[in-house]
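What follows is a short report on a single structure.
Nothing in this text is a laboratory measurement; each read-out follows from the coordinates by a stated rule. Since we're looking at a predicted model, the values are computed, not measured. So basically every Cβ, Gly included, is an ideal-geometry build from the backbone, and we count neighbours across all protein chains shown.
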Amino acid sequence: MVIDDILQDLEEGFDKCLSALARDLNKIRTGRANLAMLDDIRLDYYGSLTPLNQVATLTVADPRMITIRPWEKTMIPVIEKAINQAGLGINPSNDGELVRLPIPPLSGERRKELVRHVRRFGEDARVAARNHRRDANDMCKELTKEGELSEDARDRALKNIQTATDSVCERIDEVVTAKEKEVMEV
């Protein structure tokens, strides 16, 4: 049925919102070592921009330390430069074999700033979810105009769309609240 297709498209859109939110939140530093912080770092590797994880082995040595073992020792200065340019607020150090990234504890002010970023990402996800709801509502109304959907069926569909939207917004709020707690944890 047409309504089922609309609801399925809506759910797929909501899944994309949630996965984008998770991806954005993984990049926020929490005071613990997390390899996702390095996902966006690209460096010049023989003339092409290459992700850091494709030129070195990345590991979390302990909760406050990431180690990067480049496959070629000549890449150490290039890796350090790329990390410094990424603006992570982390100062890399090396011993000639590997690059160490000590994750400093976050100050209270920095934690509050990160919570604001988390909330902004959450609001962006809610806006995207509401945009998907609007598109689904518009499709239902268009089908009613064209005579392919009765008004009662449209009203039921709109109610289902709103219920699904409320549900995804609750999930977004749960994810944001969990991330806020993680950031504020000392």
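What angle do you read, to the nearest 10 degrees and between 0 and 90, between the alpha-carbon axis of helix 2-26 and the longest principal axis of the chain?
The angle comes out at about 20 degrees.
What distance in nm separates the simple spin-label points at ASP5 and VAL127, each placed 7 Å from Cα in the Cβ direction?
3.1
Report the relative contact order of the chain, percent, no decimals, based on alpha-carbon pairs under 8 angstrom and at least 6 residues apart.
The value is 24 percent.
So, counting K/R as plus one and D/E as minus one, what does the shell of residues with Cβ under 14 Å around ASN91 add up to? Each step should come with its number before you reach the end.
Numbers: positive: ARG29, ARG64, LYS81, ARG100; negative: GLU80.
Neighbour charge sum, excluding ASN91 itself: +3.
How high is the FRET efficiency from SER19 to GLU72, r the C-beta distance, R0 41 Å, rounded to 0.05?
Efficiency at R0 = 41 Å is approximately 0.75.
If the viscosity is 1.567 mPa s and the temperature 4 °C, what Stokes-Einstein diffusion coefficient in µm²/s follows for the chain when Rh is the Kirkwood radius over Cα pairs?
Values: Rh = 19.3 Å.
Value of D from the Cα-based Kirkwood radius: 67 µm²/s.
Between ARG64 and GLU97, what is the spin-label point distance in nm, taking each point 7 Å from the Cα along the Cα→C-beta axis?
2.3
In degrees between 0 and 90, to the nearest 10, how far off the longest principal axis of the chain does helix 151-184 point, with axes built from Cα atoms?
Result, in degrees: 20.
How many lysine pairs are close in segment 1-130, with Cα atoms under 22 Å apart and the two 8 or more places apart or on different chains?
Details: LYS16/LYS27; LYS27/LYS81; LYS27/LYS112; LYS73/LYS81.
Step by step, the pairs that qualify in segment 1-130 add up to 4.
Quick one: which residues, 5 or more positions from MET65 or on another chain, have an amide H under 5 Å from its amide H? H modelled 1.01 Å from N in the peptide plane, none for Pro or chain starts.
When sequence neighbours closer than 5 places are left aside, the close amide H contacts are ALA33, ILE103.
Output the 0 to 90 degree angle, nearest 10, between the alpha-carbon long axis of helix 76-86 and the longest principal axis computed from the alpha carbons of the chain.
Rounded to the nearest ten degrees, it is 40.
Pop a pseudo-label 7 angstrom from the Cα along the beta-carbon direction at both ALA178 and GLN85 and give the gap in nm to one decimal.
Distance between the two pseudo-spin positions: 3.5 nm.
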